[in-house]
Structures are given as C-alpha cells and as structure tokens.
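Before I ask anything, here is the structure I am working with.
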Amino acid sequence: YPRQLSGGQRQRVAMGRAIVRDSQVFLFDEPLSNLDAKLRVSMRTELKELHQRLQTTSIYVTHDQIEAMTMADKIVVMRDGVVEQIGSPLELYDHPANQFVAGFIGSPAMNFLPGRVQQGQVVLSSGDRLPLPTSSRAQEGQDVIYGTRPEHLDITSGDQGMAASVVVVEPTGPDTHVFTKIANIEVTSVFRERHTFRPGETIRLRPDATRAHLFDASTGQRLAA
C-alpha cells in the first residue's frame, strides 16, 4: 500500500508515474531531497541516463549545486527571481558572472578575500600581496574581492602567498580539506596529498593566478580582462 512506502520510495514512484506518461516536458522540483546520500548519487546517474535515452526536455529545480553540475546540460542560476547567469556547468564554474554565482557553484565553495588594487597587485586586508588574476582587469586603488577555489590553492614557503592559521584538517581519503583563517576570514583548501597539519599551525597558501577571479567589491560583478 502507498502508506507502507517510505518518503524516498514515494518520491521515486511519483517520478516513474510521470515518466511513463511520455510527456513532452518533465518538471522535477527537488525530486531527490528525501533520499539518503548513497541513493541520491545512484538516482542522479539513473535520471541522467534516462534523460539521454528519452531525449525529453527536463527542467530540474535544485538547491544542490552538485546535482546541477552533474546532471545539467545548461544551468540557470537564479536569485530572488532574477536570472544571474545561464550557461553550461563548466562555463559557470570557470567563468562566473558575479560573486553570487561563483559562491553558489562548487563544493567546497570559492574563497573570497577582500583587498585593494595597488601597483598591479591585490593587497589583502591581512597585508599579503597577490598578483592580479591573469583573466582580470581592475583600476588602481579599486576595492575588490579576490576569489580562488579551494583546489586552486598550493602550499608554498618563504614570503610567497598568504599566511594562514590552521583551524581544522579533514582527511576524506582521496583529498585533504584544510580549513584555515587569514585575518579572521575563513579560507578552505583542498589537497590531493595527505597532510598532518595541527590546529594553530601557520602555513602559507598561494593561489593559482591563472584560475583566480576578481570581483568588484561594491557590485559583486566579475572584473574580466
């Protein structure tokens, strides 16, 4: 009986009932929200495989950026009913139109560091100096937000990069997530190597300037070259 099914089972049955009707358009409103983590991953793959076979237009609403990245051919990022950006998953990931899109797409989320442009560099509130991202352009003295993804940070030595105080280290198996603070701003790093940093230890992080982004501090728009 329907009452004997769990919430996740009812959700999957509802999707099956919609699909067998051979509609021209499917509208999925967070269909995987009640499923456990393992089932959610397998259902993502199953839904994408089904979509490739049926070739039916599907509009999929989700707050989970992993679902959006892995399942979509094209993503529409919205905020307060306004479309912020439209594009393919990797297009939004590599070239976000503004700080909101940059922070929404990607897990862990992009790091944002406030600073000011001086003599071709970005001087952070911590006093650290970073080279301008190669794909960005800004005016002298302009207040900016320096954006770098956790996987685009490397450990360096000497005076290069930014001095970061280690807060928590999370080994996940394939990756090591290191949570640090730079001038009271939380900065997350993801390394393929395994590290045994201790809380309170100071490390130096250097962002990849070829993959970093610059946003206007007042508007949040990306400052593209």
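Give me the 1.4 Å probe accessible area per residue for the chain, excluding ligands and nucleic acids, in Å². Intermediate results must be reported in sequence, preceding the final value.
Numbers: 13250 Å² over 225 residues.
Result: 59 Å² per residue.
Report the one residue of L113, I155, H95 whose Cα lies farthest in the direction of the positive end of the charge dipole of segment 78-200 (charges on C-beta: Lys and Arg +1, Asp and Glu -1; origin at the Cα centre).
I155
If you don't mind, another one. Please compute, for the alpha-carbon atoms of segment 152-198, the extent along each of the three principal axes and give them in descending order in Å.
29, 21, 20
Could you check how many percent of all C-alpha pairs in segment 1-61 are farther apart than 13 Å? Let's see the in-between values first.
Working: 1181 of 1830 pairs.
When all Cα pairs of segment 1-61 are counted, 65 percent exceed 13 Å.
Dipole of the chain, Cα-centred, from +1 at each Lys and Arg C-beta and -1 at each Asp and Glu C-beta, to the nearest 20 debye?
Computed charge dipole of the chain: roughly 540 debye.
Next question, about the same structure. Where the only charges are on Cβ atoms (+1 Lys, Arg; -1 Asp, Glu), what is the dipole of segment 179-225 about its Cα centre, to the nearest 20 debye?
180 debye
In addition: May I ask you to rank I66, I86 by accessible area, largest first, using a 1.4 Å probe over the protein chains only?
I86, I66
A further question follows. Ordering R222, R17 by how much accessible area each has at a 1.4 Å probe, largest first, what is the list?
I get R17, R222, largest accessible area first.
While we're on this one: Let me cross-check E49: its accessible surface, 1.4 Å probe, with only protein heavy atoms counted, in Å² to the nearest 10?
Accessible area, nearest 10 Å²: 110 Å².
Leaving ligands, DNA and RNA out of it, rank R192, R206 by accessible area with a 1.4 Å probe, largest first.
R192, R206
If you project the alpha carbons of segment 27-78 onto their three principal axes, what span does each projection cover, largest first, in Å?
Rounded to whole Å, the extents work out to 28, 27, 17 Å.
Of the beta bridges DSSP finds with both residues in segment 1-138, what % are antiparallel, to the nearest 5? Walk me through the numbers before you get to the answer.
Numbers: 12 of 17 bridges.
Among the beta bridges of segment 1-138, antiparallel pairing accounts for roughly 70 percent.
Determine which lysines satisfy two conditions relative to K38: a Cα distance under 29 Å, and not lying fewer than 8 residues away in the same chain.
K38 reaches K48, K74.
Got a sec? Which residues in segment 137-171 would a label at Q118 touch, if it sits 7 Å along Cα→Cβ and we count backbone N under 12 Å?
Flagged as within label range: 141-142.
Sticking with this one: Give the share of C-alpha pairs in each 10 angstrom bin for the chain, from 0 to the last occupied bin, in whole percents, shortest bins first.
7, 27, 28, 21, 12, 5, 0, 0
With every protein chain in place, what's the accessible area of V76 (1.4 Å probe, Å², nearest 10)?
80 Å²
Could you work out the mean projected area of the convex hull around the alpha carbons of segment 1-120, in square nanometres to one decimal?
Working: hull surface 40.3 nm².
Quarter of the Cα hull surface area: 10.1 nm².
Just to be sure I understand: with springs between alpha-carbon atoms less than 10 Å apart, which residue in Q55, Q99, Q118 has the highest mean-square fluctuation in the Gaussian network model of the chain?
Result for the chain, Cα springs under 10 Å: Q55 fluctuates most.
Would you work out what percent of the accessible area of segment 1-144, with all protein chains in place, is carbon or sulfur (probe 1.4 Å)? Kindly include the intermediate steps, with their values, before the conclusion.
Working: 4520 of 9010 Å².
It is 50 percent, rounded to a whole number.
Another question, then. How many nm separate the modelled label positions at T45 and D22, each set 7 Å beyond the Cα in the direction of the Cβ?
Distance between label points: 3.0 nm.
The values are calculated or read from the model by the stated rules, or taken from the named source; none is laboratory data. Nothing here was measured: the structure is a model prediction, and the numbers come from that model. Positions of Cβ are backbone-derived with ideal geometry, glycine not excepted, and every protein chain shown enters the neighbour counts. We work out accessible area using only protein heavy atoms, side chains counted, and drop any ligands, DNA or RNA first. Shrake-Rupley method; radii C 1.70, N 1.55, O 1.52, S 1.80 Å.
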